[in-house]
Structure formats: structure tokens, C-alpha cells
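Asks: Quick one: structure below, then a few questions.
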Amino acid sequence: MQASSLHPIRFYKTVLLFALLAGILLVYYSFDPSEHAFFLPCPFHYLTGFLCPGCGSQRAIHQLLHGHIGLAYNLNPLLVLSLPFLAYGIYNKVYNYLFNTQRRISLFYSNIFIYGYTGCILFFWIFRNIRA
Amino acid sequence: MEQTHNRVQHPPDNNLVWGILCTVLCCIPFGIVSIIKANKVNQLWMMGDHEGAYKAARAARNWALWGALLGPVLIIFFYIVFFVIYAGILFTSY
């Protein structure tokens, strides 16, 4: 396998994608979803009235962008606790894409982690509906 | 030869990130299916079914993608339906 080098076209695509992401985050920074109606509600909550594991994420992102980690945790603990894994996973994805490598995160291939995480989602899903 | 050797060394990217992202950002059933598929990638790879592992990895990515697309589409669809119903009530009640 040849030495990994930066793929120029993929680099520009990534920059464009991150600019788009920054634009979306700017909207989430500027407007609080709990005060403005133009944010899309969760389809599951909209239809059934029950909370899903992702409900509160938009409000939590708004609070996170303002540095209020505690408030974000109250809105959606699953999102806040998943952030390190998401950041690491996305970093790895982008790295593989840019340098055309095949890096793998061993944690993401561990059965214990995947079953544990799925269990957490299901437990959280049931628990937050019982509590509410 | 180099290509096949490389494929044997590394399991396919199981796309677990997208599954987690999809679940956390509110596309529930699809995100969980994606995570289960991602788990199958590892199991199939360990059993030596490399073709199946690649297929499961692709399935994991597609479930997360469909979840991410279907959520907003569904909600916009329901907005339109309710708008039509409200408009109907408004016009028939006079």
C-alpha cells in the first residue's frame, strides 16, 4: 500500500461539507428550538406523543453551543454522553476519506460495546417515558 | 493481490457512527436497525463471511441514511396533510 497522502478533491469536498455544517450550527446557535417554531419536531413524538431516544437533541445542541453542558444533559443525556464516541468516529471517517486509509476503531467492533450501547438506548427510551 | 490482501486484513468500515448519529438525532427505528447491522459486520467477519460483512456494512450505512432522510420528509408530509385538513375545516365551517 502506498504512503498515505492528502487527496486534493476530497479535501475541498470536506471543507465544503464542514462549511455547510458550520452554517447549520450557526442557526442552532442563534435560535433556541424551544422558542422558535420553524425547527422540525421529532416525527415519533409528533405522531405518538411518546419521547424517542433523540427527543430534545435540537434544544440540547443549542445549549451545548452556548457552553451549557449541564442544561444540554438535562434535555438529552444520551446525546451528550455519545458526543465523545461521535467525535472520534467522525474524525476517523474523515481521516480515512482524506488520506484514503483503512483505519478502524476497535471499540466499534466490540460486541460488548455495541450491545451495551443498544441496551442503553432501549433503557433510556423506556425510562424517560415512564418518568415523563 | 495487494487489494485482496488489504481486504482480508481489515474488516469493512461498519458505519456504526452513522447509526449512533441517526439514533441520537431522532430517527429511532432506523438508527437502531443500523446499529444492529453494524454489529453483524463484526460477527460475519469473524466467521469468515467477508462478502456478508461488506453487505452488512452497506446495509448499516443505508439504514442510517434512510432514517436521516425519512424523518424530515415524514414531518413535512404531515405538516402538509394537517394544513389541508385545517384549511378544509376553515372553509367548510362558514
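The values are calculated or read from the model by the stated rules, or taken from the named source; none is laboratory data. The model shown is predicted, which means the values in this text are computed figures rather than measured ones. Backbone-built Cβ (ideal geometry, glycine too); neighbour counts: all protein chains shown. Remember, those area values only see protein heavy atoms, side chains included, never the ligands or the DNA or RNA. Shrake-Rupley method; radii C 1.70, N 1.55, O 1.52, S 1.80 Å.
Asks: Within the set of pairs 6+ apart or on separate chains, which have a first residue in segment A:4-33 that is closer than 17 Å to A:Tyr95 by Cβ, a second that is open to solvent by 80 Å² or more (accessible area, probe 1.4 Å) and of a type in the set (Phe, Trp, Tyr), and C-beta atoms under 8 Å apart?
Replies: A:His7/A:Tyr97; A:Arg10/A:Tyr97; A:Thr14/A:Tyr97
Asks: With the condition kept exactly as written, say whether any residue in segment A:99-114 is in contact with a Gly (Cβ under 8 Å, 6 or more places away or on another chain) and farther than 18 Å from B:Leu25 by Cα.
Replies: Residues of segment A:99-114 in contact with a Gly (Cβ under 8 Å, 6 or more places away or on another chain): A:105, A:108.
Then drop every residue that is not farther than 18 Å from B:Leu25 by Cα, which leaves A:105, A:108.
Within segment A:99-114 (the criterion being in contact with a Gly (Cβ under 8 Å, 6 or more places away or on another chain) and farther than 18 Å from B:Leu25 by Cα), the answer is yes, since at least one residue qualifies.
Asks: In addition: Tell me, please, whether a residue that is of a type in the set (Gly, Ala, Ser), out of contact with any Leu (no Cβ under 6 Å at 6 or more places or on another chain), open to solvent by less than 60 Å² (accessible area, probe 1.4 Å) and within 12 Å of chain B (Cβ to nearest Cβ) can be found in segment A:104-115. Spell out how you get there, then give the answer.
Replies: Quick first cut of segment A:104-115, residues of a type in the set (Gly, Ala, Ser) only: A:106, A:110.
Filter once more, keeping what is out of contact with any Leu (no Cβ under 6 Å at 6 or more places or on another chain): A:106, A:110.
Now drop any that are not open to solvent by less than 60 Å² (accessible area, probe 1.4 Å), which leaves A:110.
Next, only the ones that are within 12 Å of chain B (Cβ to nearest Cβ) stay: A:110.
Within segment A:104-115 (the criterion being of a type in the set (Gly, Ala, Ser), out of contact with any Leu (no Cβ under 6 Å at 6 or more places or on another chain), open to solvent by less than 60 Å² (accessible area, probe 1.4 Å) and within 12 Å of chain B (Cβ to nearest Cβ)), the answer is yes, since at least one residue qualifies.
Asks: Here's another thing I want to ask about it. So how many residues does segment A:40-63 have that are open to solvent by 50 Å² or more (accessible area, probe 1.4 Å), more than 7 Å from chain B (Cβ to nearest Cβ) and under 17 Å from the mean Cα position of the chain (by Cα)?
Replies: Looking only at that region, the number is 2.
Asks: Within segment A:77-102, restricting attention to residues that are closer than 17 Å to B:Arg61 by Cβ and not hydrophobic (A, V, I, L, M, F, W, C), which residue is farthest from the other protein chains (Cβ to nearest Cβ)?
Replies: Checked segment A:77-102; the qualifying residue farthest from the other protein chains (Cβ to nearest Cβ) is A:Tyr97.
Asks: Still on this structure: Can we say A:Ile121 is β-branched (Val, Ile, Thr), out of contact with any His (no Cβ under 6 Å at 6 or more places or on another chain) and without any contact (Cβ under 8 Å) to a residue 60 or more places away in the chain? Don't jump to the end; show me each part of the working.
Replies: On the way: β-branched (Val, Ile, Thr): yes; out of contact with any His (no Cβ under 6 Å at 6 or more places or on another chain): yes; without any contact (Cβ under 8 Å) to a residue 60 or more places away in the chain: no.
No.
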